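Colleague: Before anything else, here's the structure in question.
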Amino acid sequence: MKTPLQIAVAFAIITAVGWVSLSFSATTKMINAFQETTFPSTSSISNVTINSPFQAFNETNPHEDSWCPESQCNNSPMCTPCNRRYLFIVASGRSGSTTLLKMLNYLPNVRISGENTNVLYYASRIVSYLRDPVPLLNQDFDRVEGAYMHNAIAPQSMACALQQIIYTINPPPKKIQLEVNGTIGGSSPPMSIQEYDKDTILGVKTIRLHKVDKWSVEKVSSFLQENFPCSRVIVNIRSDIESQMNSINATFQEGHKPPDLSAKKIRQGNEFLTKLSADLGPQRARLIDMVDWTKDVNILNDVVSWLGFQNCTFHAVVHENTGSSGFGRDHTTDSNLGNQCRYIR
């Protein structure tokens, strides 16, 4: 096993001499000498301290004292999966999820986007295809020949690619995008999108996470913890299934009702979501019930405190998706959280 220093020196020599000057056989021998080099194990980097030299592979969690203290962060030159914080709203249909979406977006530096046709599930399929039947993501050595030749893929490095999907469908407002590009006056000095969003907590809302038969609670939980390790999940159900069905029937005309929104499916969905919250654990997930928080806004204020915000108080519940159409908007409820509202952790 070659040490990282030996590898670096060897390839520095190759660069200095020039690949062109090496014969084919010499080049092949050089590559083969290092093709069995694997990524450092967790144990080999566990004793790294703040005074240690920079380690290309490490487990540093920039939010270990706040948003995601229990997260596994396998950092590499390809990806630092815990850099970005995420907040997901997972719910069933007609359970007040759009109200939660609007209210949580009032929090400072929080940007959660709406429905997305279950993008998290389809993102998980990318990972699955790279693990089965050929375990490419588990290959931690350079395969230098053959139909499946690939260099080593660092653990958890797919997380950044999947996180970019979420960022792509939940970008800053168009005005901001134009400003950072300098087409509307711009900032002084110019600011990149990355700098603008460096402290933003991103997320999405979904009412479809539990609707895929082959995606079990354990698989959903594992996917989120691996690819969105620094995330928190608000799991929302509506325990009054009769009222939920009445809302569905009043909103959707016959022939346009979602086929999976039956009382039985809703009950199964509630069980799935409740188990998901338990599997993620109290540090990552918070289970709430629309039946309760629509009567007592302080339940949502407790959620806000759990997230780590201070002096942020909702005084009333916003009522989205109401009225005879089932999609009415609330533009009258006071949404002011106070001038002292901030994230403190």
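The values are calculated or read from the model by the stated rules, or taken from the named source; none is laboratory data. As the structure is a computational prediction, the values presented were derived from the model and not from experiment. Cβ sites come from the backbone with ideal geometry, for glycine too, and all protein chains shown count toward neighbours. Side chains included, ligands, DNA and RNA excluded: accessible areas come from the protein's heavy atoms. Shrake-Rupley method; radii C 1.70, N 1.55, O 1.52, S 1.80 Å.
Colleague: Could you sort the peptides 240-248, 140-148, 202-210 by per-residue average Cβ neighbour count (10 Å cutoff), highest mean leading?
Modeller: On the way: 240-248: 16.1, 140-148: 11.7, 202-210: 23.0.
Ranking, from highest mean packing down: 202-210, 240-248, 140-148.
Colleague: Using the eigenvalues of the Cα gyration tensor, what equivalent ellipsoid semi-axes result for the range 78-182 when each is taken as the square root of five times the eigenvalue, whole Å, largest first?
Modeller: Working: eigenvalues 229, 70, 27 Å².
After diagonalising the Cα gyration tensor, the semi-axes are 34, 19, 12 Å.
Colleague: Going by amide H atoms built from the backbone, whose H comes under 5 Å of the H on residue 287, apart from near neighbours?
Modeller: 235
Colleague: Continuing with the same structure: Can you flag which of 174/214; 102/219; 265/295 are past 32 Å Cα-Cα? Mind showing how you got there, number by number?
Modeller: Numbers: 174/214 37 Å; 102/219 28 Å; 265/295 25 Å.
The pairs that break the limit, which is 32 Å between Cα atoms, are 174/214.
Colleague: Give me the one-decimal nm value for the distance between modelled label points at residue 60 and residue 198, 7 Å along each residue's Cα-to-Cβ direction.
Modeller: About 1.4 nm separates the two model spin labels.
Colleague: Taking the C-alpha atoms of the range 124-173, how large are the radius of gyration and the largest Cα-Cα span, Dmax, in Å?
Modeller: Rg and Dmax of the range 124-173, Cα atoms, are 13.6, 46 Å.
Colleague: Whose amide H sits under 5 Å from the amide H of residue 110, counting only residues 5 or more places off or on another chain, with H placed in the peptide plane?
Modeller: 201
Colleague: Please give the solvent-accessible surface of residue 309 in Å², to the nearest 10, using a probe radius of 1.4 Å with every protein chain present.
Modeller: Using a 1.4 Å probe on the heavy atoms, I get roughly 10 Å².
Colleague: Working out 0.36 nm times the residue gap between residue 174 and residue 242, then minus their Cα-Cα distance, what length gain in nm do you get to one decimal? Write out the running numbers ahead of the final one.
Modeller: Working: separation 68, 0.36 × 68 = 24.48 nm, distance 4.10 nm.
20.4 nm is the gain from fully extending residue 174 to residue 242.
Colleague: Here is a follow-up. Using θ = phi - 60° and the Karplus curve 6.51 cos²θ - 1.76 cosθ + 1.60, what whole-Hz ³J(HN,Hα) does each residue of the range 286-292 get, with Gly and Pro shown as x?
Modeller: Calculated HN-Hα couplings, in order: 9, 8, 10, 10, 4, 4, 8 Hz.
Colleague: Quickly work out the residue 292-to-residue 268 label distance, labels modelled 7 Å from Cα along the C-beta direction, and quote it in nm with one decimal.
Modeller: Taking the two extended label points, one gets 2.6 nm.
Colleague: Still on this model: Under a Cβ-only charge scheme (Lys and Arg +1, Asp and Glu -1), can you give me the dipole magnitude of the range 108-227 about the Cα centre, in debye to the nearest 20?
Modeller: Working: 12 positive and 12 negative charges, 101 e Å.
Value, rounded to 20: 480 debye.
Colleague: Further question: Rank 197, 289, 302, 65 by accessible area, highest first, at a 1.4 Å probe radius?
Modeller: Values: 197 0, 289 25, 302 95, 65 140 Å².
Reading off the accessible areas and sorting them downward yields 65, 302, 289, 197.
Colleague: A follow-up question, please. I'd like the distance between the alpha-carbon centres of the range 69-90 and the range 93-165, rounded to an integer number of Å.
Modeller: Centre-to-centre distance over Cα atoms comes out at 11 Å.
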